[in-house]
Every structure is written in C-alpha cells, then in structure tokens.
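Accompanying notes for the structure given below.
None of the figures in this text is laboratory data; all of them are computed from the coordinates on show. Just so you know, these numbers come straight off a predicted model, no measurement behind them. Positions of Cβ are backbone-derived with ideal geometry, glycine not excepted, and every protein chain shown enters the neighbour counts.
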Amino acid sequence: MTGARAGEALRLGVAGLGTVGAGLLALIERQHELRIPGRLEVSAVSARSRSRGRGVDISGFRWHDDPVELAEAEDVDVVVELIGGSDGPARRTVEAALRAGKPVVTANKALLAEHGVEIAALAEARGVHLLFEAAVGGAIPIVRSLRDSLSGVIAARVSGILNGTCNYILSEMLRTGAAYAEVLSEAQRLGYAERDPYLDVSGMDAAHKVLILASIAFGARPDLPQVSVEGVDRIEAMDISLASRFDYRIKLVAEAFRDASGVTCRVAPALVRIDHPLAQIGGPLNAVIVEGEPVGRLTFTGPGAGAGPTAAAVMGDLARLFDGPATAPFGAPARTLAPLLSRARVSQERSAFFIGARLSDRPGVLAALSEALAEAGVSIDKLIQDSAGDTGAAPVAILTHLCPRAAVERALVRVSELAITADVPRLIRIEARA
Ligand code: HSE
C-alpha cells in the first residue's frame with residue numbers, strides 16, 4: 001500500500017518502545033483530540049524488553065520479539081521505527097517493511113544519514129512513503145517544510161542548533177561558570193544527557209541531522225564521512241565567559257551551504273553575536289535557519305527532543321499517510337542526489353576567529369602570541385587577558401579580523417612550538433552577523 005484513504009483505519013506496528021515509543025502510544029490514545037484524517041490502530045509492538053515499565057498499557061497489542069517479524073506481519077499496514085541506530089534491527093526492520101510495500105515512519109537520523117540513499121531508493125522503487133519529520137528538530141516542522149512548503153525557495157544555507165544536549169550544556173556553562181565535565185554529569189543526573197553522551201557531545205547527532213536537511217534543501221547525497229564534525233567537549237568555561245564579554249555566545253552550529261563549487265556540511269562550535277537569532281536559543285531548545293531566494297531568512301525554533309515533541313512529529317507523518325501517494329523521501333529522487341564536497345574544504349574558509357587559551361604567566365608571552373599571529377598574517381581585532389591570580393596561567397581570548405583559517409592554524413602551530421600556553425588553544429569560527 002502507498003498510503004490510506006481519509007476515514008480508513010491504519011494498523012500500526014510500532015518497533016521500539018523507549019521514551020518516544022511510549023510517548024507515541026500515549027498520543028495515539030488521545031487521537032480523538034488531534035486532526036488526523038483517519039483512525040490509527042496499534043496492532044503490534046516490539047521492543048527489547050516486554051516487561052519494562054513504560055507508563056502505557058501494551059497488553060492489548062500483539063507482541064513481537066523480532067521487529068522484522070512485526071514489519072512483515074499481516075495485520076501491520078505501517079511500520080513506525082523508533083528503535084534507533086544506523087544498523088542492526090532498525091535497518092533490518094525498515095528495509096523489511098519497505099520491501100513488503102509498507103510505509104515507514106521513522107525518527108532515526110543515524111539510519112538516514114548513513115544509509116539514506118539506499119533506503120530512499122527502496123521506498124521509491126516500491127512507491128511507498130518513508131517519512132522522518134521526527135528525525136530532525138523534534139517538534140519543529142522542518143523536514144516537510146523544507147521538502148514541500150519551501151520547494152519554491154532556492155536555498156543557500158540551512159543552519160542551526162540541532163542538538164539540545166549540547167545546547168543545554170553550553171547554556172549551563174554560561175549560567176553557572178561550571179566546567180564542561182561537571183555540567184555534563186549534572187545533565188546526565190537530570191536525564192538531559194544520555195549515559196553514553198558520545199553521539200551528542202561529539203557533534204555526531206547534529207551531523208546526522210544536518211545531512212538530512214542538506215539532502216532535502218540541496219539535493220545532496222547523505223555522506224557522513226564528508227561532514228566536518230567537531231563537538232563541544234573541548235570548550236572551556238573561560239571561553240564561554242570571555243566570549244560573553246565580547247557580546248558573543250558559543251553555540252554548536254550545524255550548517256549546510258551551497259556555493260559555486262557545491263554543498264558543504266559541517267558541525268562545529270561557533271561564536272554568534274548576542275543579537276543573532278541563535279544566541280537566543282537557550283537550554284535544550286533547537287533552532288533552524290533557512291536562508292535563500294526569494295524569501296531571505298526563515299527561523300524555526302522549538303523543543304528538539306523528548307517524548308511529547310517527537311511523538312507529535314511522528315503523528316504528523318502518520319496523518320500524511322492519508323494524504324495521497326508517496327513522494328521521494330528527500331524530495332529529489334535518490335539516484336539524482338549529488339555528492340557533497342569534501343569536508344577538507346572547511347580548512348580553506350575565510351572567517352573571523354576566536355582563540356581561547358591559558359597563557360603561561362611569564363614576561364614576553366603575550367608578545368610571543370601576538371607575534372605568532374602577526375607572522376601568519378592574522379590581525380587581532382580584540383583581546384582580553386585576565387589575571388592569572390595564583391594559577392600561573394592567564395586566561396586570554398582573542399578575536400581576529402577576517403583571515404584564512406589556514407593562517408590561524410599556522411599561528412597556533414607556532415604557539416605550540418613556543419610552549420607558551422598551559423593548555424591547547426581553542427580555535428572557534430565567528431558566525432557572520434545576522
Ligand atoms: N539527543 C538529541 C538531543 C535528541 O540532545 O538533541 C535526539 O536526537
């Protein structure tokens with residue numbers, strides 16, 4: 001089947017009953033309050049543990065230990081994949097459903113980022129829906145807005161804050177002045193960060209999401225190794241506090257942009273001025289900015305994760321199944337998606353930069369730092385140096401004028417040879433003014 005007719009019931013198989021799966025089952029119970037053009041019935045569910053307490057009653061649904069069996073079951077019309085992970089059971093379930101000609105609704109960004117082309121091609125070959133609004137930005141309706149409502153926009157850049165955990169950590173480091181490790185463990189204690197935070201703090205989760213947006217906005221082929229990815233784990237509280245004295249916030253910015261050579265994707269910390277829309281996004285919120293002709297700039301913001309927001313996005317996709325035949329998952333057919341440019345291109349950028357470091361408190365050290373920058377042709381715009389107090393190392397922050405990234409990197413190699421810092425300096429791009 002390719003969808004359902006208004007008024008019909010769709011029989012769902014829900015694979016994965018974690019936070020989002022449980023949130024979806026709770027929302028399905030309230031479907032009479034929603035604007036779904038037909039009825040949704042859960043036929044079957046599958047998860048790792050049948051007995052785990054979830055706050056929702058699953059006793060009325062057929063249970064499958066194996067989600068692939070669920071995908072192939074006679075009484076399942078649509079598969080909702082909420083297992084997660086780029087391979088293993090999630091991939092097998094999605095592929096089994098599509099092969100059986102069943103629509104799939106998924107929140108799985110890793111799967112789409114790593115195997116999106118093959119999976120989209122399979123959905124297209126079978127003529128079935130593969131919908132994934134919940135994969136990017138939680139409740140923010142960015143996937144279908146970009147694909148459908150904004151198909152009349154010539155996108156130049158899609159950027160934003162796509163990981164709530166990192167944004168929460170950076171916001172808390174600013175608010176409390178606490179170190180990264182301390183804020184991360186508090187975030188884990190409160191349940192904002194996963195026990196294994198790698199995907200979030202490494203920037204990889206945001207990379208998955210920005211790839212999905214790039215594939216829709218620019219017809220770029222999802223190709224994870226070509227995304228330049230840097231996380232938040234090297235940011236120091238002093239960087240955040242000194243940037244703030246220059247009227248900047250440090251955010252983990254994910255971006256995809258098109259220039260004459262093609263499309264580039266990257267995730268990295270960036271300084272944004274306090275009057276930039278991304279500077280206002282605090283705590284676990286997400287935001288996406290779409291820039292293009294002839295609209296200028298559109299900003300979307302909202303909760304990017306959590307049971308309710310993500311389940312609402314899944315529901316929106318389920319409603320779409322009543323709304324006519326499937327279209328290509330990424331907008332453009334999978335076989336026409338063009339290669340991304342190499343991530344090495346990022347090193348060729350020109351930008352203004354922030355450098356944060358602790359300078360050894362000896363005569364001539366600040367002069368040596370500025371000389372290293374001067375020798376590399378990097379001009380200093382602003383500089384703050386705080387007292388070392390009794391620590392022996394003085395926090396310093398420099399904003400450079402526009403210059404090639406390669407030049408600042410060269411200067412920092414020289415700084416390392418001179419052994420004048422007590423830590424490894426942080427080099428952070430400054431986002432152009434809004
Ligand atoms: N872990 C993600 C975040 C949400 O912190 O934003 C799911 O992708």
Exercise. In percent, what relative contact order does the chain have, based on Cα pairs under 8 Å that are 6 or more apart in sequence?
Worked result: 18
Exercise. Where does the range 60-179 land on Rg(C-alpha)/(2.2 N^0.38 Å)?
Worked result: 1.30
Exercise. How large is ³J(HN,Hα) for each residue in the range 402-408, as worked out from phi by the Karplus curve 6.51 cos²θ - 1.76 cosθ + 1.60 (θ = phi - 60°), to whole Hz, x for Gly and Pro?
Worked result: 4, 7, x, 3, 4, 5, 5
Problem set entry | the range 22-31 - phi-based ³J(HN,Hα) in whole Hz, Karplus 6.51/-1.76/1.60, Gly and Pro as x | 5, x, 5, 4, 5, 6, 4, 4, 9, 5
Problem set entry | Segment E371-S416, length gained on full extension (0.36 nm per residue, minus Cα span) | 14.9 nm
Exercise. Over the range 142-303, what relative contact order in percent results from Cα pairs under 8 Å that are six or more residues apart?
Worked result: 34
For this session: Quick one: what are the phi-derived ³J(HN,Hα) couplings along the range 64-78, Karplus 6.51/-1.76/1.60 with θ = phi - 60°, whole Hz, x for glycine and proline?
Result: 10, 5, 9, x, 5, 4, 4, 4, 8, 5, 4, 8, 10, 8, 9
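Test of understanding: express the Cα radius of gyration of the range 9-135 as a ratio to 2.2 N^0.38 Å, with N the residue count.
Against the compact-globule rule of thumb, the ratio is 0.98.
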Problem set entry | Area projected by the alpha carbon convex hull of the range 89-144, averaged over all directions, nm² | 3.6
Problem set entry | Calculated P(r) tail over 26 Å for the range 142-303, as whole % of Cα pairs | 26
Exercise. Which lysines have a Cα less than 27 Å from the Cα of K102, not counting those fewer than 8 places away in the same chain?
Worked result: K209
Exercise. So how tilted is helix 164-176 from the main axis of the chain? Cα-based, degrees 0 to 90, rounded to 10.
Worked result: 40
For this session: Pop the C-beta distance of S185 and L383 into the FRET formula with R0 = 45 Å and round what comes out to the nearest 0.05.
Result: 0.85
Seminar exercise, completed: Stokes-Einstein, Kirkwood over Cα pairs, the chain, 20 °C, 1.002 mPa s; D in µm²/s equals 93
Exercise. Can you tell me the Rg and the Dmax, both Å, for the Cα atoms in the range 42-110?
Worked result: 11.6, 33
For this session: Would you mind computing, in nm to one decimal, how far apart the modelled labels at A26 and V295 are, each placed 7 Å from Cα along Cα→Cβ?
Result: 3.2
Problem set entry | Alpha-carbon Rg/Rh ratio, for the range 120-184, with Rh computed the Kirkwood way | 1.18
Problem set entry | Among A71, A287, A407, residue whose mean-square fluctuation peaks in a GNM of the chain (springs only between Cα atoms under 10 Å) | A407
For this session: With just the Cα atoms of the range 192-274, tell me how far they stretch along each of the three principal axes, in Å, largest first.
Result: 39, 35, 18
